[in-house]
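Report on one structure; see the data block that follows.
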Amino acid sequence: MQIQVISMSNIVYLVGIMLLSGLWAYGITPFIVRLAERYKQYDLQNERKVHTRRVSRLGGIAVYSGFAVGFSVLTYLMLSGRIESSFQPVTMFAIFLGGTLYFLLGLLDDFLELSANFKFVIMVMIALLVVLTGVRVSSLFGVYLLPVWVGVILTVVWIVGIVNTINFVDGLDGLATGVGLLASIAFFIIAIVRGEWFTAFFLVCIIGALAGFLPFNFFPARIFLGDSGSLTIGYFLAVVGVIGLYKQVTIIALAVPLMILALPIADTAFAIVRRIARRVPVTRPDRRHIHHRILALFGRSSNDTAKMMDGPAHRNAVIACYVIAFVFASVAVYIGIQ
């Protein structure tokens, strides 16, 4: 594949939007931490959580707002003609609206602990709303046109599925944020090489927001993503797969996004099979995810559970997951740019 030439103006805009999103997320996060401490908005324990400290779960506000600031500037630059894009304003609005609705759903869950079934129904409805505005898979490998109803179903399944994979993998300090950041960078490299400029600009909004938030979310976390953050990240990554990589005309159109997100997808698949085999609800949380098993491996020499959860084993488990995600993402980038 021939590498697309990047103009100096695009480089400036890419870097500028990424810095703006990152600085906003980095600057607002300490304020959110203090606000959560003041009003005692802390994460709740359940069968999936491993932390033993009181930590806010409102980090999604920083991630979403960081993205929103960058995306707002991107929208202005495109509407004013400074950045060329084939995307219509209604499509851009639909993409942003979907992220906003997923963020609000997650935020509501962070405060009220919504039932899993209710959240799933709302997730499907939001995805369907976005898809009906035109953000959908319309063909297989850019060659075989799909009936509209088939494309709608595939896209809804994809969006809801990826949203839940990121939510499931959010079990250790900085894990979902770091995995989301690595995936976004991988998607970004492929988009740049292919000359998919809207996808690239969309991704720098995500990269900046996640990079600005990660220092506060990495072990030992001062603030968690919460559902507002994990659902938002999952939606953004899912949309990237729809608007960008599915345009490729070979089998890698499907393989690349699946490989980039291999860790959370595999973790979710194993969780579903495991819970079905145990005859328990698929939505029931547990501590048998991949990251929990890696954590147990690093902490097996410790007889103190609390020390294992909040000690070096926790940090090392997160780094190990980063390495796994990086390997898959690197292979996907290599395949995607061929």
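Structure summary
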{"item": "At most 16 other Cβ within 10 Å, DSSP loop - chymotrypsin sites (Phe, Trp or Tyr not before Pro), region 102-175", "result": "141"}
{"item": "Global form of region 63-103, assessed from the alpha-carbon gyration tensor, a/c cut-off 1.5", "result": "oblate"}
{"item": "Prolate/oblate/rounded label for region 149-225 (Cα gyration tensor, a/c 1.5)", "result": "oblate"}
{"item": "Alpha carbon convex hull of region 150-195, volume per residue in cubic angstrom", "result": "63"}
{"item": "Mean-position separation - Cα centroids, region 142-186 and region 84-123, in angstrom", "result": "13"}
{"item": "Amide H contacts of residue 137 (H built 1.01 Å from N, under 5 Å, at least 5 apart or other chain)", "result": "155"}
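Rule-based calculations on the coordinates, nothing more; no lab input. This one's a predicted model, so the numbers in the text were calculated from it and none came from an experiment. Glycine also receives a Cβ, built like all others from the backbone with ideal geometry; neighbour counts cover every protein chain displayed.
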